[in-house]
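Rule-based calculations on the coordinates, nothing more; no lab input. If you're wondering where the values come from, they're calculated on a predicted model, not measured in any experiment. Cβ: placed from backbone, ideal geometry, glycine included. Neighbour counts: every protein chain shown.
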Amino acid sequence: MNAVPVLLGYTAAVGLLAPRLLLRAAWPHRAPALAVVVWQALMAAFAIGAALTTYNLAMPTEHLHAGLVGLLHSCGLHVGPGEPSPATADRLGIALPAALGLALLTGFAFHVARARRARTRHREAVDLVGRRATRLGATVLPYDTPAAYCLPGRRPRVVVSEAAVRELTAEQLAAVLEHERGHIAGRHHLALAVAEAFHSVFRRLPLARHGRQQTALLLEMAADDRALRRHSGEALATAMYEMAAARTPKGAFAAGGHSVVIRVTRALGPRRAPHPVLRGAVAAVAALVPLLPLIVACPPLLG
């Protein structure tokens, strides 16, 4: 059976239709960490589907003869002298998926390295001008606007301004600091780098655009949930509102930011976790989605 039509249809559905369905669903804001996993599973599924589609187009098959090489040859685009050879198709079949995988890995490494450099420079500045507050487990900066953010990575820092320490209540400040620790403990900078890398390769794809935006928002919600396990929604919401206008350095996660309105509304509203059955079903789908292209393309392996 020719797997190309199935792979094309599946990859298109993952890249174009799945983001719309996920954006309309209500459960992602109730289980943001799981929703991040789903978005990244869709990205993995699209990348695998695209790689396998190009591989199957390029490799000689019973129905396509010389695959993509033969198609180009029949259209008058000669990729080599004479008729397309199986060896040429073999090389093309390996090169195209490899190029896609290399582009994604390179993009991930680039975004991780760039953010790390920015965090390192800022961490050095913070260590010079800030003072370590052992009681808070954070570095306090002489800054007149309430602000708090974290610098994740190998040498993480939680940073808070003197204005935030002075103007927030003890519970509000504790909620903000717990939010920042949630980013560090969850290694959220790596999940964000995955979404950035995918977007850099598939910039115009709805899955890439929405996936990057939603990953950033959902990671903030996941950190909010850590704070809400120990502190009230009112304390966290008020602190986020106070810090909404604060600027965030590159490579950092801030308790404020442009998503504050959505997150404040969520923190103040009723918090209902998805039913365990729904959680299990979503987790199973997230695990299966990247495997489906492999099942379609490699049915003999299942026998």
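Some observations on this one:
- ³J(HN,Hα) computed for each position of the stretch 244-250 - Karplus, 6.51 cos²θ - 1.76 cosθ + 1.60, integer Hz, glycine/proline x: 4, 8, 6, 7, 10, x, 4
- In Hz, Karplus ³J(HN,Hα) per residue of the stretch 270-280 (6.51, -1.76, 1.60; θ = phi - 60°; x = Gly, Pro): x, 10, 10, 6, x, 4, x, 5, 5, 4, x
- Helix 86-129 and the long axis of the chain differ in direction by around 10°, with both axes built from C-alpha atoms.
- Value of relative contact order over the stretch 110-191, rounded to a whole percent, pairs C-alpha under 8 Å and six or more apart: 24
- Entry for log10 I(q)/I(0) by the Debye sum over Cα atoms at q = 0.09 Å⁻¹ (calculated from the structure that is shown) out of [x] -0.45; [y] -0.38; [z] -0.56: [z]
- Restriction of the trypsin sites (Lys or Arg not before Pro) in the stretch 103-177 to DSSP coil positions whose beta-carbon has at most 11 other beta-carbons within 10 angstrom yields Arg135, Arg154.
- Ranking Gly137, Asn56, Ile184 by Cα position along the charge dipole of the chain, where only Lys, Arg, Asp and Glu carry charges on their C-beta atoms, puts Gly137 farthest toward the positive end.
- Between Ala246 and Gly257, the built amide H atoms are under 5 Å apart, and every one of these is 5 or more places off in sequence or on another chain.
- Size of charge dipole - the stretch 4-302 - debye, nearest 20, with Cβ of Lys, Arg +1 and Asp, Glu -1, no other charges: 740
- Positive minus negative residues near Thr145 (Lys, Arg vs Asp, Glu; Cβ under 15 Å): -2
- Each residue of the stretch 151-161 was assigned a 3J(HN,Hα) from its phi angle through the Karplus expression (A = 6.51, B = -1.76, C = 1.60, θ = phi - 60°), giving 10, x, x, 5, 10, x, 9, 9, 10, 9, 7 Hz with x at Gly and Pro.
- Percent antiparallel among DSSP beta bridges (both partners in the chain, rounded to 5): 75
- Relative contact order for the stretch 4-302, counting Cα pairs under 8 Å that sit 6 or more residues apart, in percent: 24
- Taking amide H positions as modeled 1.01 Å from N, with prolines and chain starts lacking one, the residues under 5 Å from Arg157 and 5 or more places away or on another chain are Leu151.
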